[in-house]
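Peer 1: One structure coming up, written as C-alpha cells, with questions to follow.
The values are calculated or read from the model by the stated rules, or taken from the named source; none is laboratory data. Keep in mind that this is a model prediction, so the values were computed, not measured. Neighbour counts are summed over all protein chains in view; Cβ atoms, including those assigned to glycine, are modelled from backbone coordinates with ideal geometry.
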Amino acid sequence: MLTVIIISALAIVAEPVAPGQKAYAALEASQSRGGDPNSGWAYLWLIAQLIHAEAANEPYAGKVAVGAVVLNRVASPNFPNTVPGVIYEPYAFTPVYDGRINLPPDSESLRAAQDALRGWDPSYGALYFYNPAKSTSWWVFTRPITTQIGNHVFAR
C-alpha cells in the first residue's frame, strides 16, 4: 500500500492510498474539506517555499515571522488578498525573480508556515522585512520597525 503525505494548514498527515486508488484522490479529499481559501496545503507549501528561500539560515521565530508577513499582507487592503497574489506580486520578494522560490522547502520551513497559518506572528503585524546589510531600497528604511529577529528587520 502507498502512503501519500498531505500538507494542510493544520497538519502534515500521511493518508494511505489503497491499491487501484489514484494518489490525487487523497489530495482532492483533503482539499474538499473547505475552510479559508488562503489556508490550503498548496498555500502552506508556497509560504514554506518563500520562508526557505528568504530565511533558511535564520532562527525559527524569524522563519515564522516571514510567513506572518505574507499573511499580514493578505489581510491588508494595500496588497493582493491571496497568498499567491502576495508572493508573486512584482518585485515583492527576491526569490520569486531569481528562482529560489522554486526550491522545495525543508521540514522546518513547513513547520514555520504551519505556525504562521495558525496565527503566531512574531513580526508583530509587520508588512515588510529586510536584511539591513543587504537591502538596496532606501524606502524600506523609512518604515516603522516592529522587531528584529536574526538578520531580518520587520516593519510596517
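Peer 1: How many of the residues making up the range 45-81 are among the aromatic types (Phe, Trp, Tyr) and free of Cβ contacts under 8 Å to residues at least 24 places away in the same chain?
Peer 2: Taking the range 45-81 first, the residues among the aromatic types (Phe, Trp, Tyr) are 45, 60, 79.
With free of Cβ contacts under 8 Å to residues at least 24 places away in the same chain added as a condition, the list becomes none.
Total satisfying the criteria: 0.
Peer 1: Further, regarding this structure: What number of residues within the range 54-72 are surrounded by 22 or more Cβ atoms within 10 Å (Cβ to Cβ) and over 17 Å from THR82 (Cβ atoms)?
Peer 2: Qualifying residue count for the region: 7.
Peer 1: Related question: Go through the range 81-156 and tell me which strands (runs of 3 or more DSSP E), entirely inside it, have 1 or more residues that are touching a strand residue (DSSP E or B) at 6+ places or on another chain (Cβ under 6 Å), among the aromatic types (Phe, Trp, Tyr) and under 21 Å from TYR60 (Cβ atoms).
Peer 2: 128-130, 152-155
Peer 1: Restricting to the range 56-70, name every residue that is part of a helix (DSSP H, G or I) and either in contact with an Asp or Glu (Cβ under 8 Å, 6 or more places away or on another chain) or more than 16 Å from GLY125 (Cα to Cα) (or both).
Peer 2: TYR60, LYS63, VAL64, ALA65, VAL66, GLY67, ALA68
Peer 1: If you check ASN102 against the conditions, is it within 16 Å of HIS52 (Cα to Cα) and assigned by TED's automatic domain parsing to the domain that holds LEU46?
Peer 2: Considered against the rule, which asks whether it is within 16 Å of HIS52 (Cα to Cα) and assigned by TED's automatic domain parsing to the domain that holds LEU46, ASN102 comes out as yes.
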